[in-house]
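Each remark here refers to the structure printed beneath this line.
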Amino acid sequence: MPSCHLTKSRYIAGLQCLRRLWRLVHEPRDYEDAPPGSPLAMGEEIGRAAHQLFPGGGLVAEAPWQHTEAAKTTRALMLDPAVSAIFEAAFEHAEVRIRVDVLERLDGGAWGLREVKASTRVKDYHLDDLAIQAFVLAGVGVPVASIELLHVNNRYVRGGDGICWPAYFTRADVMQEVEGRRAAIPDRLPAMRAALALAAAPSVEPGAHCSSPYDCEFYGDCTAAKPEDWVARLPRLMPKQAASLAALGIEAISAIPPEFPLSWQQSVIRGVLATGQPYVAPDLTRLLGGYGPPAAYLDFEAMMPPIPLYEGTSPYQTLPFQWSLHEIDAADRLTHREFLAPHDRDPRCSFAETLVAALAGSDHPILVYSSYEQTQLRALAAQIPALAGPIGSIIARLRDLLPVVRGTVYFPAFAFSNSIKSVAPALAPGFGYDDLSDIADGTAAAAAFLQLACGQADDPARLRAGLLAYCERDTLAMVEVHRALMRLACQEGALPHPAAVALS
């Protein structure tokens, strides 16, 4: 029988969804350490770094499940006036167990409650996190004179002597906001306890709460019985639309009546799913003008280290480290070039220099699949003034395929997404990413290079090979998408999808 006590994380889960709370307690997932380079791992590192703001502090080192022992260690540290702060202090009140990130000793026997977050601002649910801690501390008689949220200062710039931790963190006084929320806790706890006492998970209809403030780990299970074309998957579905469809008893997009008010994109998707036929806009040929071939196909990978690694950089600053470039010439010959920066130094200069050299001597369009590359090139031009001219020339040649796809085609296999990873396999059957076992998305790529840059990689050669394979696949996907769009545009007698008749 699992322990049904509440914790900080369980309380936040209960505010989000009582079904999620029940399943976290009664159907817990296996514990896994945060992978190196992941946001969770970096958050843990930031939490440890905050300890440096409190010299003379003592750590309660017991594991989360060793609550009794941790509480005993906490009491001993509180009795020692030489201990300026307690890290991971453990308390329990009203069947709620907490570990306080930092409990700071203040004058006159009072204490300061400090929560450390890896975000760059105070968020709404951070206040609830602190409120449940303040509730427990008040319940056990710990006098709290101030409450602060320590978050990352994204205006901080790393100097030549390493990280200055007091400048890296912002200490936000949130006592007034937290006290207002603490007062509501006694009214909130009974519903959570009642839910946990149930023999089965409470029934809660999936909705917007499933991703706020956290993506629910049980979302796939809770929606498994929904139709494959469940209306909630319709892009930009407004609450009023969702309520109207629910009142009509409609759960499938394909069952939405043609007269139901939808946006242009929503109408296209409804028509495709209702007929099973792909949508092709009548102006596809015109919109492809200026895209070549000849053409180049460009993709970047970048990391955003929460703790800046290099002098002159800030927390969460985007640092591109890799590019892939496919090119098709006038004879339809396909070539590929690539670059992956050394991981022992700031990658920006070598990234920019090699990209400028690779694209010099040509004025062919450079196809990308988002505005991301343009944004990062503009940033690089500002950061490396000597290359501002050549980088500006590259920017002038960029052509974004994503708006063309979004506005001209929709296939059932897009699965409600215009991501290159959905579009390319749909337009070019047989193409895919399933064979990329090590790195298969941008988040994994960023985490991999961060591991390399921090010296945390067990097998650097394998990670670098995985990075090269993934980035090359993304530009090859653009080649396949462009070729498929050209084939669709050139099909003689091709007619627009029936859904387009009323929309074009």
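Read-outs: derived from the displayed coordinates by stated rules, not from any lab. Source: prediction; values computed, not measured. We place every Cβ from the backbone using ideal geometry, glycine too, and count neighbours over all the protein chains shown.
Measuring spread by the Cα atoms of the range 285-490 yields a radius of gyration and Dmax of 17.1, 52 Å. About its Cα centre, the dipole of the range 285-490 is roughly 640 debye, where the only charges are +1 on Lys and Arg Cβ and -1 on Asp and Glu Cβ. Ellipticity at 222 nm from helices only: DSSP H runs of n ≥ 4 in the chain, each -39500 (n - 2.57), divided by the residue count, give -12000 deg cm²/dmol.
Note: relative contact order over the chain, using C-alpha pairs below 8 Å and six or more positions apart, is 13 percent.
What the Cα atoms of the range 8-194 give is an Rg and a Dmax of 16.7, 55 Å. Our coupling estimate for the range 162-170, obtained by passing each phi through the Karplus curve with A = 6.51, B = -1.76, C = 1.60 and θ = phi - 60°, is x, 8, 9, 5, x, 7, 5, 9, 9 Hz, Gly and Pro reported as x.
Using the Karplus relation 6.51 cos²θ - 1.76 cosθ + 1.60 with θ = phi - 60°, the per-residue 3J(HN,Hα) values for the range 444-460 come to 5, 5, 4, 5, 5, 5, 5, 4, 4, 5, 8, x, 9, 7, 6, 9, x Hz, with x marking Gly and Pro.
Once both labels are positioned 7 Å from their Cα atoms along Cα-to-Cβ, the gap between HIS93 and ARG487 label points is 6.7 nm.
Close amide-amide hydrogen proximity is noted between SER119 and VAL152, each under 5 Å apart and 5 or more residues distant or on a separate chain (H modeled in the peptide plane; Pro and chain starts excluded). What is the helix-to-structure angle for 39-49, meaning the angle in degrees between its Cα long axis and the longest Cα principal axis of the chain, kept from 0 to 90 and rounded to the nearest 10? Approximately 40 degrees, to the nearest ten. From largest to smallest, the equivalent ellipsoid semi-axes obtained for the range 142-243 from the alpha-carbon gyration tensor read 38, 25, 14 Å.
Placing pseudo-labels 7 Å out from each Cα toward the beta carbon at ASP434 and ALA199 gives an inter-label distance of 4.2 nm. Working note: Karplus 6.51/-1.76/1.60 with θ = phi - 60° gives the range 324-336 the couplings 10, 9, 9, 9, 10, 8, 5, 8, 6, 8, 9, 10, 9 Hz, where Gly and Pro are set to x. Mind giving me the FRET efficiency for GLU44 and ARG121? R0 is 25 Å, r the Cβ-Cβ distance, nearest 0.05 is fine. Calculated value: 0.80. Measure nothing fancy, just the Cα-based angle from helix 185-196's long axis to the longest principal axis of the chain, in degrees from 0 to 90, nearest 10. The answer is roughly 70 degrees. Can you give me the C-alpha center-to-center distance between the range 147-188 and the range 116-132, rounded to a whole angstrom? Here the answer is 8 Å between Cα centres.
For trypsin sites (Lys or Arg not before Pro), the sites in the range 1-69 that DSSP calls loop and that have at most 11 other Cβ atoms within 10 Å are ARG29.
Size descriptors for the chain (Cα atoms only): Rg and Dmax, in that order, 27.0, 85 Å. Peptide packing for 159-171, 363-375 was compared via the average number of neighbouring C-beta atoms within 10 Å per residue; ordered from the highest value, the list is 363-375, 159-171.
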